[in-house]
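Engineer: My structure is below; once you've seen it, I'll send some questions.
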Amino acid sequence: MKVDSHLKRCKNCGKWTDGKLDHCNHCDHELDVEYKKEVQKRMDLGDPKLPIIQVRDHDPLWIKIAKRPIQVAQLILYAIMAFLVYLTTTFAH
């Protein structure tokens, strides 16, 4: 049987069903339970926040001027770290 990319195999009955559905056509078993739990868990955790110095509207001008280069340096550091992670994962194989 040729499997189309939009079909899923039900883990309960083993038959192929439309991948767009939430439940199997044959046994009414819920599809992708583990995936949905993982997505919900990640949504509950929220986005990870990077600690970047904040420039606030009520800061005096001289503090705003001092904070901007620190912000740029932090972003450059995060970019370098992300690039190093990319390289290590690329060459780890």
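Engineer: Restricting to region 12-21, name every residue that is at pLDDT below 85 and in a loop (DSSP other than H, G, I, E, B).
Structural biologist: Within region 12-21, 19, 20, 21 qualify.
Engineer: Kindly establish whether residue 54 is of a type in the set (S, T, N, Q), at pLDDT below 90 and outside any helix (DSSP H, G or I). Before you say what the answer is, go through the steps one by one.
Structural biologist: Values: of a type in the set (S, T, N, Q): yes; at pLDDT below 90: yes; outside any helix (DSSP H, G or I): yes.
Here the answer is yes, as residue 54 does meet what is asked.
Engineer: Shifting gears a bit: So, in region 45-66, how many residues would count as being of a type in the set (Asp, Glu) and either more than 26 Å from residue 81 (Cα to Cα) or in contact with a helix residue (DSSP H, G or I) (Cβ under 6 Å, 6 or more places away or on another chain) (or both)? Quick ask: steps written out before the conclusion?
Structural biologist: Filtering region 45-66 for residues of a type in the set (Asp, Glu) gives 47, 57, 59.
Filter once more, so that each one left must be either more than 26 Å from residue 81 (Cα to Cα) or in contact with a helix residue (DSSP H, G or I) (Cβ under 6 Å, 6 or more places away or on another chain) (or both): 57, 59.
The qualifying residues number 2.
Engineer: Test of understanding: among 41, 64, 8, which residue is surrounded by 11 or more Cβ atoms within 10 Å (Cβ to Cβ) and either touching a Pro at 6+ places or on another chain (Cβ under 8 Å) or part of a helix (DSSP H, G or I) (or both)? Full working, then the answer.
Structural biologist: Values: 41 fails: surrounded by 11 or more Cβ atoms within 10 Å (Cβ to Cβ); 8 fails: either touching a Pro at 6+ places or on another chain (Cβ under 8 Å) or part of a helix (DSSP H, G or I) (or both).
Sole residue among the options that is surrounded by 11 or more Cβ atoms within 10 Å (Cβ to Cβ) and either touching a Pro at 6+ places or on another chain (Cβ under 8 Å) or part of a helix (DSSP H, G or I) (or both): 64.
The values are calculated or read from the model by the stated rules, or taken from the named source; none is laboratory data. This structure is a prediction, so every number in the text was calculated from the model and none was measured. Please note: Cβ atoms are built from the backbone with ideal geometry, for glycine as well, and neighbour counts cover all protein chains shown.
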